[in-house]
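Written below as structure tokens is the structure these notes are about.
The values are calculated or read from the model by the stated rules, or taken from the named source; none is laboratory data. These numbers come from a predicted model, not from an experiment. Glycine gets a Cβ as well: all are built from the backbone with ideal geometry, and neighbour counts include every protein chain shown.
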Amino acid sequence: MKILLISSNIADTPYPIYPLGLGMIATALRKAGHDIHQFDFLQNGRSINALTRIIQDYDPELIGISIRNIDNVNLLHEERYIDVVKIIVKAIRQQTKAPVMLGGSGFSIMPECILGAVGADYGIIGEGEALIVEFAAKAAEGIFPQQKCLRSSSRLQGEKIPSACYNSQLMEFYLKSGNMAPIQTKRGCTHQCIYCSYPLLEGATIRCRDPKAVVDDIQHLVHTHKAQYIFFTDSVFNDDQQHYLAVILEMKKRDVYIPWTAFFTPEGLDDDKVALMKQTGLKAAEMGADAASDTTLKKLGKRFLFKDVLACNNLFSRHSIATAHYFMFGCPAESQKSVLEGIENIKSLEKTVSFIFMGIRILPKTALADTAIREGILSPTRKLLEPIYYIAPNIDKQWLEKTLTNAFSGLRNCIFPPDSMDSSVRFLHKMGHTGSLWDMLIQKNNHRARQRRYER
């Protein structure tokens, strides 16, 4: 079959993210003998005319649309992305009768609701590599299922998790915005954060790719696509089973060195492990503490305290690894006291950049959704396609916004609202800055601190 795969993502802050999941689906379908064309809505300037032309020229028999995000999870500056998918589906309907299939992490969070909202024909919930191949094989014979939302029962492991089919034109576009190329080393998450959908989407068991295949991907990206910076997209890179060290050792064995970044939890790291990762190119670390006080960390289901966040930040700092932290205020059990404590905790972090969010986007089937229902914040029948944010009932929203604004105003390394520096990030990437921006911000902060000491 001729299959058109569309990435519908339009988010480009702080930088555009290559559609890795779409590339993995493309690999699975190509291995099954199908003719695949990848179309990226963002890369094509969000142009419906460009989409129309490719449908007319390519004449697909099946169309798949990947949905990465539902919205930008930013209460103070909301952006909603499902309307874009609806516009894309409408444009498709005007050009072809080919079935339209939805998929991706954003779709899988609330599939029936999204399918109805955008008017597509079918949707795949969960990992799609095996199920889309099965669907396409039957569709080629004119056989289609009665049910509209198809739930994947497969949990791919090892070599069955495919490398992405990295498209040269798409990669060229994305590498112009920071030069970061994505790679996945594993699926699944063992953490139990009450707001997170990862365990629902990928399962609570770690399923690892072969480290040799991961490093093959790195070398392919470097040599074929001229990537200068790698982003490991795992929900948490430093997993409990320490699979990540197998990847690092494979990189060292093959003398692979390239600047890279990933998401880390402040658990299980030490000087030896950070030094080992730095030898392969670790340049920046993103830390998902998410709460800034021991009270709220516990309520979010975290297994560590703020002292662990501080220690981990200092650990990376000792090795000259730039760090970025993400914090949310308004968590369950939040109080004015914990807010003020959290502010001081964030300010105590040195040589780092912190992004501060107000409220937590409530997602279906999470423990946070259950808490919101018990506390009367959320109706049990309320659909969550339109975003609802959890803020602890005893916290006044206006007080919280004013307090956070006053606390972080003028602090270059504390970003509130979290998108307030997006335009600066995009500008610097256009000027050729490679990778994350955390190291540049930290360097500027350190320069200003030295200057203030000198002036004294």
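Answer yes or no: is there a residue in segment 304-311 that is in a helix (DSSP H, G or I), farther than 26 Å from Asp419 by Cα and in contact with a Ser or Thr (Cβ under 6 Å, 6 or more places away or on another chain). Taking every residue of segment 304-311 in turn, none turns out to be in a helix (DSSP H, G or I), farther than 26 Å from Asp419 by Cα and in contact with a Ser or Thr (Cβ under 6 Å, 6 or more places away or on another chain). Of all residues in segment 197-209, exactly one satisfies the criterion of being surrounded by fewer than 17 Cβ atoms within 10 Å (Cβ to Cβ) and farther than 14 Å from Glu127 by Cβ, namely Ala204. Could we say that Ile194 is farther than 19 Å from Ala367 by Cβ and not assigned by TED's automatic domain parsing to the domain that holds Asn69 here? No. Please verify whether Thr381 is in contact with a helix residue (DSSP H, G or I) (Cβ under 7 Å, 6 or more places away or on another chain), at negative phi and of a type outside the set (Phe, Trp, Tyr), treating the condition exactly as stated. No, not satisfied. The number of residues in segment 330-377 being out of contact with any Leu (no Cβ under 8 Å at 6 or more places or on another chain), within 27 Å of Leu411 (Cβ to Cβ) and either assigned to a loop (DSSP other than H, G, I, E, B) or of a type in the set (Asp, Glu) (or both) comes to 7.
Candidates Thr296, Thr280, Thr224: the one that is farther than 28 Å from Lys176 by Cα, of a type in the set (Ser, Thr, Tyr) and not in a strand (DSSP E or B) is Thr296. State yes or no: is Ala98 touching a strand residue (DSSP E or B) at 6+ places or on another chain (Cβ under 8 Å) and not aromatic (Phe, Trp, Tyr)? Here the answer is yes, as Ala98 does meet what is asked.
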